Amino acid sequence: MEGVEKVSEIKIQLSGINKSFPGVKALDNVNFSVRKGTVHCLCGENGAGKSTLMKIINGLYKPDTGQILIDGKAVEIRDPIQAREYGIAMIAQELNYVPEMSIEENIFLGRLPVNKFGKVDWKTVRSETIRFLEQEGLPYKPDQKLKTLTVSDIQMLEIIKAISYNAQIVIMDEPTSAITNREVEILFEKIEELKKRGVSIIYISHKMEEVFRIADDITVLRDGTVVDSMPAAQLTLDKVIALMVGREMTNVYPKEDVPIGEPIFEVEKLNCKGVFKNISFHVRRGEIVGFAGLMGAGRTETMRAIFGLDSYDSGEIRIHGKAVSIRRPSDAIANNLVMLSEDRRRYGIIPIRSVMENASISSLDKFFYGGRAHRKKEQEMVSEYFRRMNVKTPSLETLIQALSGGNQQKVLLAKWMLREPEVLILDEPTRGIDVGAKFEIYRLMTELVKEGKTIIMVSSELPELIGMCDRIYVMNKGIITGCLQKEEFSQETIMRFATGTQNVEVE
């Protein structure tokens, strides 16, 4: 940091932090400090060590060596409960929740109030939950189960829960990865309120526009070490990206012009009552087609129905001009159609299985023949796709839950590449992924369409849709409101269709 900080200004300080896992050194002599009443943004690629460092602060991991000081006093944080006693709250990157749990149970998880008889004071739980929800303007019922909520809803509740602890140090790990622009503005207002109360905020995000909007200080991690730390005013976007990836990045979207062929995939008048209506679109060989829209527009619901995860009432799906019946994912896969889900934790990975098992699970027919499993062939094919995807893993036997979010996403992409599909639906493929990993996914998308495959890309990031797509369909309230050609692309135009202020009939 510029100048010499007074100890009294520093809320939390980490000195000489080291942490290793089998086969990998996650943190190497990390020094990191956060001033009172400031937002300190922590930047770095997936696997740089950001989440590991935050889990040490929150008591989920114990450092191998090093010291933590809060208000100048050395402390040992053994678990998250003790971290909370020290005034630390954390919003985790991956949403770990129990679908059958109610909203009120979730908010008071681990701190249920009890009455004088030692029983849970459910009356207080209910009244406090109602107060929190009304205060944040959220139209939920306290006894509503989490499984009925969207990813956006659950992430907003996690933010509310962390703030409700009245913590003095709040860690926010990718807090805006699944919330709407309106909710982002609410969050930033909360952050300003917290700063005024003297709360210190550690903020992790791959969205650089957010970082430069709210950061007072920025620290960049690369390969488990601090490469720089200084006031945000002294840094630029290009400088931070160069520090993160160790090189200058001149072309963020490596899209190439590819010959566009005949229609490969067509959807005509797909309907699901109360969810989406009269959905018609097509994707041609060699084409990347985007789907834009605000949260709740029906994009994900449409793709889930197409892939056979959810049912639909009427409509037709055609591949190579032939109508196909897709009522379950196995039908889609049999027709060379695959889908990468927006929620990799809930619908993508199998946490307690190895990275190789996660990659090969949808292609077991390629490795089982002659009455036995051909493990060597499985290892060779998975290794080849991991090399192509630049998956960083200590070994093929490493549990996928030990990998960073970006590497988990690349394993899931490798899983579908093993199927050699013709049509890929990628729902928020770069959510929670750093700029380097995003570039690798964009590059793979370009390679795939050059091979003649077709891609449907659902994304809330308008710059990446504009940078990577040949056409963009826009949805609002369950209907397609527009289809934009490349020369019509602009964030303003997309938003007009996404908000329903502009609407055209789409063939």
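The values are calculated or read from the model by the stated rules, or taken from the named source; none is laboratory data. Values in this document were obtained by computation on a predicted structure and should not be read as measured data. Here the Cβ positions follow ideal geometry from the backbone for every residue, glycine too, while neighbour counts run over all protein chains shown. Heavy atoms of the whole protein, side chains included, go into the accessibility calculation; ligands, DNA and RNA do not. Shrake-Rupley method; radii C 1.70, N 1.55, O 1.52, S 1.80 Å.
Computed from the Cβ-Cβ distance with R0 of 60 Å, the FRET efficiency linking Lys366 to Arg126 stands at 0.65. Centre-to-centre separation between the Cα atoms of the stretch 271-349 and those of the stretch 65-89: 47 Å. With contacts taken as Cα pairs under 8 Å at a separation of at least 6 residues, the stretch 350-501 carries a relative contact order of 19 percent. Annotation for the stretch 178-273: GluC sites (Glu not before Pro) lying in DSSP loop with at most 14 further Cβ atoms inside 10 Å of their Cβ are Glu248, Glu256.
Taking trypsin sites (Lys or Arg not before Pro) across the stretch 52-115, the ones in a DSSP loop with at most 13 further Cβ atoms lying within 10 angstrom of their Cβ are Arg78, Arg111.
If you count only protein heavy atoms with a 1.4 Å probe, what accessible area per residue comes out for the stretch 381-507, rounded to a whole Å²?
36
Between Lys25 and Ala233, the contour length at 0.36 nm per residue exceeds the alpha carbon distance by 71.7 nm. Of the chymotrypsin sites (Phe, Trp or Tyr not before Pro) in the stretch 93-190, the ones in a loop by DSSP (not H, G, I, E or B) with at most 14 other beta carbons within 10 Å are Phe117, Tyr165. Quick check on my link table: of Lys116/Lys161; Lys392/Lys438; Lys269/Lys322; Lys62/Lys207; Lys11/Lys195, which ones sit more than 18 Å apart, alpha carbon to alpha carbon? Flagged as over cut-off: Lys116/Lys161; Lys62/Lys207. Among residues other than Asp470 with Cβ under 10 Å from its Cβ, the summed charge is +2 (Lys and Arg +1, Asp and Glu -1). Placing R0 at 45 angstrom, the Cβ-Cβ distance between Ile81 and Asn390 gives a FRET efficiency of 0.75 after rounding to 0.05.
Here's the list of aspartates and glutamates a cross-link from Lys377 could span, going by alpha-carbon distance under 20 Å and ignoring same-chain residues fewer than 8 apart: Glu357, Asp365, Glu397, Glu420. Electrostatic tally near Gly321: other residues with Cβ closer than 15 Å to its Cβ, Lys and Arg +1, Asp and Glu -1, net -1. Only residues of the stretch 294-336 count here: report those whose backbone N is under 17 Å from the spot 7 Å along Cα→Cβ of Glu209, or say none. Answer for the stretch 294-336: 294-295. Its relative contact order, with pairs defined as Cα atoms under 8 Å and 6+ residues apart, puts the chain at 16 percent. Summary value for the stretch 151-239: 24 percent relative contact order, contacts being C-alpha pairs under 8 angstrom separated by 6+ residues. Accessible surface of the chain, 1.4 Å probe: 49 percent of it comes from carbon and sulfur atoms.
Suppose R0 equals 35 Å; then what is the FRET efficiency for Gln401 and Val114 from their Cβ-Cβ distance, rounded to the nearest 0.05? The calculated FRET efficiency here is 0.55. Taking a ≥ b ≥ c as the square roots of the eigenvalues of the alpha carbon gyration tensor, the stretch 309-436 is oblate, as a/c is not under 1.5 and a/b does not beat b/c.
Given the pairs Lys366/Lys415; Lys73/Lys190; Lys273/Lys477; Lys25/Lys55; Lys141/Lys277; Lys36/Lys196, which are separated by over 20 angstrom at their Cα positions? Walk me through the intermediate numbers first.
Numbers: Lys366/Lys415 12 Å; Lys73/Lys190 28 Å; Lys273/Lys477 12 Å; Lys25/Lys55 15 Å; Lys141/Lys277 28 Å; Lys36/Lys196 10 Å.
Flagged as over cut-off: Lys73/Lys190; Lys141/Lys277.
The Cα center of the stretch 11-48 and the Cα center of the stretch 159-206 differ in position by 19 Å. Which shape class, rounded, prolate or oblate, goes with the stretch 366-507 when its Cα gyration tensor gives a ≥ b ≥ c as root eigenvalues, a/c under 1.5 marks rounded, and past that a/b bigger than b/c marks prolate? Here the stretch 366-507 falls in the prolate category. For the chain, adding -39500 (n - 2.57) for each run of n ≥ 4 DSSP H residues and dividing by the number of residues yields -9500 deg cm²/dmol at 222 nm. The distance linking the stretch 365-389 with the stretch 421-454 is 22 Å (Cα centroid to Cα centroid, whole angstrom). By definition, a body whose alpha carbon gyration tensor gives a ≥ b ≥ c is oblate when a/c is 1.5 or more and a/b is not larger than b/c, and the stretch 230-305 fits this oblate description.
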